[in-house]
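Inspection log for the structure reproduced underneath, given as structure tokens.
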Amino acid sequence: MTDGLLPLLVAVPVLAAVAPPLLCLRTTGTGWYVAAVACAVEAALAALVVRSVFLGGAVRHVVGGYERPYGIELVVDGLSAPVVALVAVVSLGVLAFAYTAGPRRNSFYSAYLLLVGGLMGVSVTGDLFNMFVFLEITGLATYALVAADRSGRSAVAALKYLILGTTGASLFLIGVGYAFVETGTLNMVDLSERLAGSYGDRAVLASFGFILVGLGLKTAVFPLHTWQPDAYSYAPDTVTTFISALVSTVAAYAVGRIVLTVFTPAFFEAVPAARAAVLAFAAVSILAGSALAAVQTEIKRMLTYSSVSQFGLVIAGFALVTSDAVLGAVVHLVGHGLMKGGLFAAAGVMAARHGARTVGDYARLGYRSPVVAGAVGIFGVALVGIPPSVGFLGKWYIAVGAVRAGAWPIAVVVFLSTLLTLSYVARLLERLYFAEPTEPTDPAVGAGTDADAGAGTGADADSEVGARDPDPVADGGARADSRAPAAVSTGMVAAIVAAAVVVVALGFATAPFEAFLERFLGGVFP
Amino acid sequence: MIDLLASRWAYVAFVVLMIVGLYMMIASPNLVKKIIGLNVFQSAVFLFFVAAAYVAGGAPAIVPPDGGGGPYVSPLPHVIVLTAIVVGVSLTAVALALVVRIHEEYGTVDEAVLEEVADD
């Protein structure tokens, strides 16, 4: 029964994306409400689908009644259900954040809904070419969103992202082409059956290579990550929150889908070099990403490089192809989305309240914005992987999977990356709470601090949520930071706190993840 | 080698176009030329699909009711190329819109100049 909902998961946001530009004919302020209704419907649909997967296993829908291998199949199974849930929840959460944080133009919400539709499409499709199309829809909407504040720098960052992202998608398409020429089908399940037995073929190996490199570019795995720092740091904070939580996540999910469903663990058994190559790729990404994050001073850049490292971890989990490691990869995929989204949202609030953009600017903000700083602390500690949190769960299962698979180097790399993550998170927390209350040297920060000392530090401390700083950016005269949220509301802080609570609560939730994956993995690892 | 060029020239053209496109994206400092490079790169992919789908003497896959009449050309790769062209055109449109924005802001489409200007 619920299989009829799968096309709606994609169609609702894409159709709703048409409404905001049309409404522009009469009014320009209604885009948010359209997006809110569409995302709420989307969340309800996702909840029904996920529930049905939880109770009865994979849900399939054959579009237009054309059975495989001719038609396109939409599938939600144990691997995609958590991603579908994540997309639905985060798009609602970020929308709540955007109510006050802006941008409030209609065109922004059109791109926003297109992005939700594209992400859902990648998550639910069972057809390789269809996946390419949805990856490109996701890409198009993301490029538009990155440049949403209409500044020059964000346009340059978006163009760089566009060129690299499109190259990645084209490489993916070449890989799909090789697989298609080899087998004559595009359906994932059908492909996996027809590929069996010809794993050693050069065309199949080339197909795997092209697809992995293409998706690696989209996921931003080192050294294919170069678009990400600029795109994340110059995009408006609302946009960074959204895309950091979902876009790379869905691309990494696509890697898992390709490795597990299309090429299957049997491919890795037949061609151990392919597995070793992906694992090496992932390990380098984990270490290089963490190391680069540790030397950054700007908060958004630091968080971006941290993403590079975390996605290396996820891909390592998928490439280990043991049931523990895959469970870890899925948990970390969802967990990272929530943690990184929360951190970027908190960074946006800090920028709007205190004009803080670098680690140095965060000095003693733990006492001026205790709630948001506390949430930053929780996200940071979860990112390091300290229990109880979803970050710990993911890393733990990936490490256990690596040990059980005998891939000791990966276990060592996971441990090292934890240490490096600790080094940059600890630096941030040290600034937040234990920085010496010295005389500010930076004039911009000084102006903010003086204004607050006058405006009442006491008010900030106890009713931080209600008392809004009297627009610290305005101290400098013009609005210097076009990326930061326009204002900070209680709802925005509440959204961040809610994400932090979920991150901790999911730390206790292995059982549902296992229940989801069990049915899916039963088919992959007999 | 000669044999390869004679029988598989379309695939050789695919590889050459792909490399030319990649090289343009990397080497040209001009943002518009980078986008042209991207288009060349995408065209290479289209050529690959079209070449792979070619059947000597193949007919469009419109099968008469009583069957027979082959060989037919698989319509699927052509549909893929059509879709990919649409995707490529929309990407080019977004890319050019961004270039227009960059030109309005900085007055240049040269990457090297842009880096100098953006550093201020």
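Solvent-accessible area of the protein assembly as shown (1.4 angstrom probe, protein heavy atoms only): carbon and sulfur portion equals 68 percent. The C-alpha atoms of chain A define a longest principal axis, and helix A:299-320 lies at about 20 degrees to it. About its Cα centre, region B:49-120 has a charge dipole of approximately 840 debye under the convention of +1 per Lys or Arg Cβ and -1 per Asp or Glu Cβ, with nothing else charged. With r defined as the distance between the Cβ atoms of residue A:11 and residue A:498 and R0 fixed at 30 Å, what FRET efficiency is calculated, to the nearest 0.05? FRET efficiency, residue A:11 to residue A:498: 0.60. The residue list B:50, B:72, B:99 was ranked by how far each Cα lies along the charge dipole of region B:46-120 toward its positive end, using unit charges on Cβ atoms, and B:72 comes out on top.
By average Cβ neighbour count within 10 Å, what is the ranking of B:101-108, A:197-204, A:391-398, A:96-103 from highest down? Walk me through the intermediate numbers first.
Details: B:101-108: 16.1, A:197-204: 13.5, A:391-398: 25.8, A:96-103: 21.2.
For the peptides B:101-108, A:197-204, A:391-398, A:96-103, the packing ranking is A:391-398, A:96-103, B:101-108, A:197-204.
A simple rule links phi to the HN-Hα coupling: the Karplus curve 6.51 cos²θ - 1.76 cosθ + 1.60 with θ = phi - 60°, which for region A:488-502 gives 10, 10, 4, x, 5, 5, 4, 4, 5, 4, 4, 4, 5, 4, 4 Hz, with x for Gly and Pro. Between residue A:298 and residue B:27, the modelled labels are 3.1 nm apart [label points 7 Å from Cα along Cα→Cβ].
How would A:3, A:149 rank on accessible area, largest to smallest, probe 1.4 Å? Write out the running numbers ahead of the final one.
On the way: A:3 55, A:149 35 Å².
The ranking, largest first, comes out as A:3, A:149.
Selection among A:247, A:319, A:308 by position relative to the dipole of region A:174-319 gives A:308 as farthest towards the positive end (Cβ unit charges, Cα centre).
Can I get the semi-axes of the protein assembly as shown's equivalent ellipsoid? Compute them from the C-alpha gyration tensor as square roots of 5 times the eigenvalues, in angstrom, largest first. List each step's numbers first, then the result.
Details: eigenvalues 341, 155, 116 Å².
Three semi-axes, in Å: 41, 28, 24.
The mean number of Cβ atoms from other chains found within 10 Å of a Cβ in peptide A:243-254 is 0, as a whole number.
Rounded to 0.05, the FRET efficiency of the residue B:55 and residue A:486 pair, given R0 = 35 Å and the Cβ-Cβ distance, is 0.05.
Estimate the FRET efficiency between residue B:5 and residue B:116 by the formula 1/(1 + (r/R0)^6), using the beta-carbon distance for r and 56 Å for R0, to the nearest 0.05. Here the calculated transfer efficiency is 0.80. Heavy atoms of chains B and A lose about 2600 Å² of accessible surface on contact, summed over both sides with a 1.4 Å probe. Computed 3J(HN,Hα) for region A:329-343, one whole-Hz value per residue from the Karplus formula 6.51 cos²θ - 1.76 cosθ + 1.60 where θ = phi - 60°, is 4, 5, 4, 5, 4, 5, x, 4, x, 5, 5, 5, x, x, 5, glycine and proline marked x. Rounded to two decimals, the Cα radius of gyration of region A:69-138 over 2.2 N^0.38 Å is 1.26.
More than 24 angstrom separation, counting every C-alpha pair in region A:71-206; what % is that?
Numbers: 3945 of 9180 pairs.
That fraction is 43 percent.
Please list, in order along region B:16-30, the HN-Hα scalar couplings obtained from phi with the Karplus expression 6.51 cos²θ - 1.76 cosθ + 1.60 (θ = phi - 60°), rounded to whole Hz, x for Gly and Pro. Per-residue couplings from phi come out as 4, 4, 4, 5, 4, x, 4, 5, 4, 5, 7, 8, 7, x, 7 Hz.
Here's how it looks for residue B:72: its modeled amide H is under 5 Å from those of B:59, which are all 5 or more places away or on a different chain. When both region B:66-120 and region A:264-342 are represented by their alpha-carbon centers, they are found 29 Å apart.
How far, in degrees from 0 to 90, does helix A:106-124 lean away from the longest principal axis of the Cα atoms of chain A, to the nearest 10? Around 40 degrees separate the two axes.
Could you size up the charge dipole of chain A around its Cα centre, putting +1 on the beta carbon of Lys and Arg and -1 on that of Asp and Glu, and report it in debye to the nearest 20? Using Cβ point charges on Lys, Arg, Asp and Glu, chain A gives about 420 debye.
Distance between the 7 Å Cα→Cβ label points at residue A:273 and residue A:67: 4.0 nm. The charge dipole of region A:18-171, taken about its Cα centre with unit charges on the Cβ atoms of Lys, Arg (+1), Asp and Glu (-1) only, comes to about 540 debye. Its alpha carbons considered, region A:268-358 gives a radius of gyration followed by a Dmax of 15.8, 56 Å.
Each label was represented as a point 7 Å from its Cα along the Cα-to-Cβ direction; for residue A:508 and residue A:423 these points are 3.5 nm apart.
Which loop-located chymotrypsin sites (Phe, Trp or Tyr not before Pro) does region A:36-94 contain, where loop means any DSSP state but H, G, I, E or B and the Cβ has at most 13 other Cβ atoms within 10 Å? Intermediate results must be reported in sequence, preceding the final value.
Numbers: sites: A:54, A:66, A:70; in loops: A:66, A:70.
Loop-located and lightly packed - A:66, A:70.
Each part gets one Cα centre, and for region A:39-89 versus region A:182-218 those centres are 24 Å apart. Of the residues A:117, A:94, A:363, the one whose Cα sits farthest toward the positive end of the charge dipole of the protein assembly as shown, with +1 on the Cβ of Lys and Arg and -1 on the Cβ of Asp and Glu, is A:117. Residue separation of residue A:518 and residue A:202 scaled by 0.36 nm, minus their Cα-Cα distance, works out to 110.4 nm of gained length. Region A:1-116 gives an Rg/Rh value of 1.04, both radii derived from C-alpha positions and Rh following Kirkwood.
Sorting B:46, A:242 on solvent-accessible area from highest to lowest, probe radius 1.4 Å, gives B:46, A:242.
Amide hydrogen proximity for residue B:30: with H placed 1.01 Å from N in the peptide plane, the residues at 5 or more positions away or on another chain lying under 5 Å are B:111.
Residue A:233: net charge of surrounding residues, Cβ under 11 Å, Lys/Arg +1, Asp/Glu -1, itself excluded? Don't jump to the answer; show the numbers that get you there.
Numbers: positive: A:153, A:300, A:301, A:357, A:483; negative: A:230, A:237, A:298.
Combined, the nearby Lys, Arg, Asp and Glu give +2.
Protein chains only, probe 1.4 Å: how do B:62, A:378 rank by accessible area, largest first?
On the way: B:62 135, A:378 70 Å².
Per-residue accessible area, sorted high to low, gives B:62, A:378.
Other residues lying with their Cβ under 12 Å from the Cβ of residue A:166 contribute a combined charge of +2, Lys and Arg counting +1, Asp and Glu -1.
The values are calculated or read from the model by the stated rules, or taken from the named source; none is laboratory data. It should be emphasised that the depicted structure is a prediction, and the values quoted were computed from it without experimental measurement. In this analysis, Cβ positions are derived from the backbone assuming ideal geometry, glycine residues included, and neighbour counts consider all displayed protein chains. We work out accessible area using only protein heavy atoms, side chains counted, and drop any ligands, DNA or RNA first. Shrake-Rupley method; radii C 1.70, N 1.55, O 1.52, S 1.80 Å.
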